[in-house]
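Let me begin by presenting the structure, written as structure tokens, before commenting on it.
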Amino acid sequence: MWGLVPMFWPLLKPAGAAEILAHRMVWSLVFVGIALVVIRRWAWAGELLRQPRKLALITAAAALITVNWGVYIWAVNSGHVVEASLGYFINPLVTIAMGVLILKERMRPLQWTAVGVAFVAVVVLTLGYGSPPWISLTLAFSFATYGLVKKKVNLGGIESLAAETAVQFLPALAFLLWLGATGRATFGAEGLGHMALLSATGVVTALPLVCFGAAAIRVPLSTLGLLQYLAPVFQFLLGVFYFREAMPPERWAGFALVWLALSLLTFDALRTARRAARTPRAETSVPRSTIATGTVSAARNAESSSPSPEPVPAGPEVVDAKP
């Protein structure tokens, strides 16, 4: 669903990106509110209101995802689907770089190589486009920062989306009322079909998230991480073969470098995950006589000096909202 969403936004024309974005905010809160009523999950709201720091983080997350959604909708409806897909290919690499720069995390050699290759890719694409690929970079950095904020908020998927859209709701509704008062709104002026499509933006936003939340507790993290790459792959294929966007040689070269970086990143993550999975089995199979000699302690000390394993990067971020 996330991979095919570029086919949905053009259906909402002649509504502009700002109007579509405002409807997305308003109807997402309606959809998520109904879902919360059905599952009777409200206790978190009272706790959140008593925590000013978390409220500030939710507001920051809402601002970041507003930028992300707005740029994405504008990019798709302006014929930049390929460049938008690039943003979600770059996102895991930006996330890793932020982990090092902001959270002071350690990177393994292959991760450094992947980030370096991605930097070269951006340089190649800048030369190809004649300017930096600002759509891709905005999407990647806004979503990576959004993921960083969400990590600190620590709310569930539906709850977090409800809180963020609650922050967005009043400004979005005010904007829609202003459009209506000035005669610029397309809602109600383009027929019932157009009204239904604009109302469906809430379902388009929330339904994939509900499916993702259900998958997250059933599917191994490594599998989930690899599946996350499907969304930008579908978006890229739609941009090239459905929307017929141009792909000159230098753009292919830039994308090839990005895909190489992601391949290195995925290989490194899978290798680390396998090593982490083998270590407990190796420890449990050690004879008691070996334990008595202190060999296991030495092995554990040696193991603790190596970088701790990290989960598989989740493509355009394993977080709670998507394009």
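The values are calculated or read from the model by the stated rules, or taken from the named source; none is laboratory data. Worth saying up front: this structure is predicted, and the values here are computed from it rather than measured. Here the Cβ is made from the backbone with ideal geometry for all residues, glycine too, and neighbour counts use every protein chain on show. All accessible areas refer to the heavy atoms of the entire protein, side chains included, with ligands and DNA or RNA removed. Shrake-Rupley method; radii C 1.70, N 1.55, O 1.52, S 1.80 Å.
Across the stretch 70-84, the qualifying residues are those that are in contact with a Leu (Cβ under 8 Å, 6 or more places away or on another chain) and crowded, with 22+ Cβ neighbours inside 10 Å, and the one among them that is farthest from V240 (Cα to Cα) is V71.
Looking across the stretch 224-247, the residues that are open to solvent by 60 Å² or more (accessible area, probe 1.4 Å) and in a helix (DSSP H, G or I) come down to L226, L227, L230, F234, L237, F241, Y242. Taking the conditions exactly as written (of a type outside the set (V, I, T) and more than 22 Å from Y72 (Cβ to Cβ)), does A166 satisfy them or not? Answer is no for this residue.
Among the residues of the stretch 20-52, those identified as at pLDDT below 90 and among the basic types (K, R) are R40, R41, R50.
Output the number of residues of the stretch 99-145 satisfying the condition of being over 21 Å from the mean Cα position of the chain (by Cα), polar (S, T, N, Q) and modelled with pLDDT under 90. Counting residues in the stretch 99-145 that are over 21 Å from the mean Cα position of the chain (by Cα), polar (S, T, N, Q) and modelled with pLDDT under 90 gives 2. Residues that are within 21 Å of A62 (Cβ to Cβ) and among the polar types (S, T, N, Q) are absent from the stretch 169-182. Can you confirm whether L125 is surrounded by 19 or more Cβ atoms within 10 Å (Cβ to Cβ), in contact (Cβ under 8 Å) with a residue 40 or more places away in the chain and not in a loop (DSSP other than H, G, I, E, B)? In short, yes. Return a yes/no flag: does the stretch 129-139 have any residue that is touching a residue at least 60 places away in the same chain (Cβ under 8 Å), surrounded by fewer than 20 Cβ atoms within 10 Å (Cβ to Cβ) and over 30 Å from K104 (Cα atoms). Looking through the stretch 129-139, at least one residue is touching a residue at least 60 places away in the same chain (Cβ under 8 Å), surrounded by fewer than 20 Cβ atoms within 10 Å (Cβ to Cβ) and over 30 Å from K104 (Cα atoms). For the stretch 21-68, a residue qualifies if it is open to solvent by less than 20 Å² (accessible area, probe 1.4 Å), among the β-branched types (V, I, T) and in contact with a Ser or Thr (Cβ under 7 Å, 6 or more places away or on another chain), and exactly one does: V32.
Please determine whether any residue of the stretch 259-276 is surrounded by 12 or more Cβ atoms within 10 Å (Cβ to Cβ), touching a residue at least 24 places away in the same chain (Cβ under 8 Å) and within 30 Å of L12 (Cα to Cα). No, the stretch 259-276 has no match at all.
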